[in-house]
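The values are calculated or read from the model by the stated rules, or taken from the named source; none is laboratory data. This one's a predicted model, so the numbers in the text were calculated from it and none came from an experiment. Cβ: placed from backbone, ideal geometry, glycine included. Neighbour counts: every protein chain shown.
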Amino acid sequence: MKKPREITLRAMYLNFLFLFSVGFFPPAVAADAAKAPAAKKSLAPHVHGEGNLKFVFDLEKNVAELSFEFPAVQVLGFEHKPVTQSEISIYNQTQVMLNEPKSLFLLLLKKNEKSGCVFGKSSMSVPFNDKKGAKAHDHGDHQDYELQYKLTCKNLKAVRGLRISAFKVLFNFEKLKVEGLVGSKPYSLVLTQSKDEFEF
């Protein structure tokens, strides 16, 4: 029979996964769940130079999900619909780059261990896309990218941390607010260009 604490942790974990799947997160994920206020929408106010990363690493199922959001200006260098050939070229090249999550994230592995992790098909909500259901989230005249990546692994426990390569490839990217869960352990921190990685 499971101990009360184990049942509580499992319930918190399942609740977190549910909130992640519908786009919600606890406002203070590291706080005691009994004391935490009602959940809020995961999207933060649009701030140039800043982004938001939400993640869940399910160590039992060897799968992970990452949700990444940032203003379009940080990767395009502009925040209006591309018009010139140069802007159109930048926009198209950006779509290709963002479909390669390895250009944004680097898994840090434990010594002498292999994870066998592979990124699956990504889901992107991009600005200036006229296709129904594929428009980016906007804040007034602002435009944001919203990206979701899924990771399937053979041994997710071999991953000891995450490095954010996005600081090197995104235009004027200064700060990333990170919230997530690894197993039953919650994380909440801020990364910058000088501190671009963290360990579990």
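List of remarks:
- Matching residues in segment 113-123 - criterion: being in a strand (DSSP E or B) and in contact with a helix residue (DSSP H, G or I) (Cβ under 6 Å, 6 or more places away or on another chain): 119
- Odd one out for residue 76 among (1) of a type outside the set (Phe, Trp, Tyr); (2) within 23 Å of residue 192 (Cα to Cα); (3) modelled with pLDDT under 85; (4) over 18 Å from the mean Cα position of the chain (by Cα): (3)
- Hits in segment 153-200 (condition: in a helix (DSSP H, G or I) and either of a type in the set (Phe, Trp, Tyr) or at pLDDT below 95 (or both)): 166, 167, 168, 169
- Close pairs from segment 61-85: first within 17 Å of residue 175 (Cβ to Cβ), partner in a strand (DSSP E or B) and acidic (Asp, Glu), Cβ under 6 Å, at least 6 apart: 69/144; 69/146; 71/144
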